[in-house]
Amino acid sequence: MVKNTKNICRVLFFSGMLLVTSACSDSFLQTDSPNQPSQTTYWQTESDALMALTACYDAMQSQNLYDDNIDGWKFGFLGRETSTDNGDHTWGDWMLGSSISKCASSTTDECFSMYWNANYEVIKRCNMLVENVERIPMEAEKIDAYKAEAIALRALMYCNLTSVFRDVPYLTRPLTLAEAQAPKTERSEIVSSLLEDLKTWIPKIPVIGKAQKGRMSQEAGYAIMGRIALFNQRWDEAIAAYKNVIGKVQLFKSGDGTDYAANYADLFKEQNETAEEVLLSVHFKGPGLGEGSCFGVCWSAPMNAIEGSMNLCDDFYCIDGLPIDKSPLFKGNLAQGAHTKANPDMGRYENRDPRMKGTLMLPGMEWNGKLYTNNLPASSTCCIRKWYTPEDTANEYDGSLDFYVIRYAEVLLSLAEAMIEKGGYPQAEVTGPINEVRARVGMPAVEAVEGTNLNKEELRAIVRHERRVELAFEDLRFADLYRWGEFESAQKRMQKDQSFYGFGVVPRGNLRGAQDLVWPIPQGEIDTNPMLEQHSEWK
């Protein structure tokens, strides 16, 4: 398995030899098993194609990708998010990802190789399907649909990799012995290739309503395309991609939609994981089926080993749409020392954006009927609430809640951002998607608070704030901070948490230089692949 191997190229070659019969196994490619069919006996029926495609989705369940297992020494989406200004590592600076937070990471840090390998495992499986599915006697339309799904998933993985590692090996077919080593390709070249592929293949994916349950839809494909274009400042292509999604689905609302807090918080409950807002998710099913998640591990209490940050908490506005230091509705005390772990300032949690308590577990909130005040285990006083299921802590190592890779809310905010950066759009057209996201939770429209005739910088600040409070802990923060050039500012925010509140476990370091704005190619890859050169920032 990739997660147990230090060299992706070697794994990509050898794993291409055999294909398992059970696509929902993490041992998708097992060269030592005499029970696995060879490439000459596989790829015979549509069932084979379906198993191979299922294996592509199954690899996304990796605890170093879209699952997590904090106490199992994994670096999943929550570990990554809490290595930014969205959170902290409650157990200390020995935890995976904390070296990034300290600006003290090295090329040998396991967090980098774990994430690298998890993404390339999906890429490997997608490449195998794309290369071989045409051997199956199926209708051309079905073959194209299978290939299109795999190509879209592969593009998503390259979006992940290029967002943090920048230039990486770009592999679009299974490696042969002659190609067992590969150099890196510039990010811009990868992105151009991905977007061209997606323009060709996304129309071959079934649209919502015709797509198979649990699989890629055409609209999800366009959302992936939009994300790639947005992350690479290709505004026109991002706008065009997102407009293929706008209006095709709706934001989730709970019941009759009048309970604004439930409209947000209830979306992250198992009974609503098939809501049409969820364009693409990683499916988990537990207990006892070998398909459960571990990202909800909390030891039957709001103790997550990771936590939210106070500056994230403070970034949720009051219900009048104003920041807490400007709103007359803010009931807390902003003086230094007024809010401590032992004596929390309970008034600060009143009259706030409903998404705050759907995202964070805070003093004054209940967990399975138990009220927590000054006894929350987070050093910041902010535990994480999103993704946790206190009603089912018995199965927290084998959970059933899906992880949402792309939601419609992201599409709306991303479209708004692309239009802002492109320029030339009327304010009402730009703020319309933002207002739609705000209205779901009862927050006022931009025009009602920030006003009209806003300039580009003002609109940019609005959409960036909205992305943070809407999409916290959804594995987008590193990409956002890096592409906005805001990672250093994020470090300063965390330093302020320590100096002003006295909160913080991992000391946030000052940037050493450009090396702290791109992840290094894992040293194990460099050591075993002479064609792969380390980034100049890390030499």
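The values are calculated or read from the model by the stated rules, or taken from the named source; none is laboratory data. Note that this is a predicted model, so its numbers are computed, not measured. Methodologically, a virtual Cβ is constructed for each residue, glycine included, from the backbone with ideal geometry; neighbour enumeration extends over all protein chains shown. Remember, those area values only see protein heavy atoms, side chains included, never the ligands or the DNA or RNA. Shrake-Rupley method; radii C 1.70, N 1.55, O 1.52, S 1.80 Å.
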- [ ] Of the numbered conditions (1) out of contact with any strand residue (DSSP E or B) (no Cβ under 6 Å at 6 or more places or on another chain); (2) open to solvent by 20 Å² or more (accessible area, probe 1.4 Å), P433 fails exactly one; give the number of that condition.
- [x] (2)
Task: Checklist (1) farther than 30 Å from C382 by Cα; (2) outside any helix (DSSP H, G or I); (3) within 23 Å of the chain's Cα centre (by Cα); (4) not basic (K, R) applied to T84, failing item - done: (1)
TODO: Looking at (1) part of a loop (DSSP other than H, G, I, E, B); (2) surrounded by fewer than 24 Cβ atoms within 10 Å (Cβ to Cβ), find the lone condition where M443 falls short.
DONE: (2)
Task: Odd one out for P183, checked against (1) open to solvent by 50 Å² or more (accessible area, probe 1.4 Å); (2) closer than 30 Å to E533 by Cα; (3) assigned to a helix (DSSP H, G or I) - done: (3)
Task: Selection within the range 446-473 - assigned to a loop (DSSP other than H, G, I, E, B), in contact (Cβ under 8 Å) with a residue 12 or more places away in the chain and open to solvent by less than 40 Å² (accessible area, probe 1.4 Å) - done: L454, A472, F473
- [ ] May I ask you to verify whether T82 is polar (S, T, N, Q) and buried (at least 24 other Cβ atoms within 10 Å of the Cβ)?
- [x] yes
Open item on the list: Can you confirm whether K331 is in contact with a helix residue (DSSP H, G or I) (Cβ under 8 Å, 6 or more places away or on another chain) and closer than 16 Å to Y260 by Cα?
Closed with: no
Open item on the list: Step by step: first the residues of the range 125-136, then only those that are open to solvent by 10 Å² or more (accessible area, probe 1.4 Å) and in contact (Cβ under 8 Å) with a residue 60 or more places away in the chain, then the one that is nearest to F487 (Cα to Cα). Which residue is that?
Closed with: N132
Open item on the list: Being at pLDDT 95 or above, assigned to a loop (DSSP other than H, G, I, E, B) and not hydrophobic (A, V, I, L, M, F, W, C) narrows it down to one residue among Q534, Q495, Q491; which is it?
Closed with: Q534
Open item on the list: Any residue at all in the range 216-231 that's of a type in the set (A, V, I, L, M) and either surrounded by fewer than 20 Cβ atoms within 10 Å (Cβ to Cβ) or not in a helix (DSSP H, G or I) (or both)?
Closed with: yes
Open item on the list: Yes or no: the range 398-405 includes at least one residue that is touching a residue at least 12 places away in the same chain (Cβ under 8 Å), open to solvent by 30 Å² or more (accessible area, probe 1.4 Å) and out of contact with any helix residue (DSSP H, G or I) (no Cβ under 9 Å at 6 or more places or on another chain).
Closed with: yes
Open item on the list: at pLDDT 95 or above, closer than 24 Å to R468 by Cα, among the aromatic types (F, W, Y) and buried (at least 19 other Cβ atoms within 10 Å of the Cβ): is that true of Y372 in this structure?
Closed with: no
- [ ] For residues that are of a type in the set (D, E, K, R) and surrounded by fewer than 16 Cβ atoms within 10 Å (Cβ to Cβ), scanning just the range 196-215, find the one that is farthest from the chain's Cα centre (by Cα).
- [x] K210
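Tell me, which residue of the range 335-362 that is basic (K, R) and more than 19 Å from P444 (Cβ to Cβ) is surrounded by the most Cβ atoms within 10 Å (Cβ to Cβ)?
Out of the qualifying residues, it is R348.
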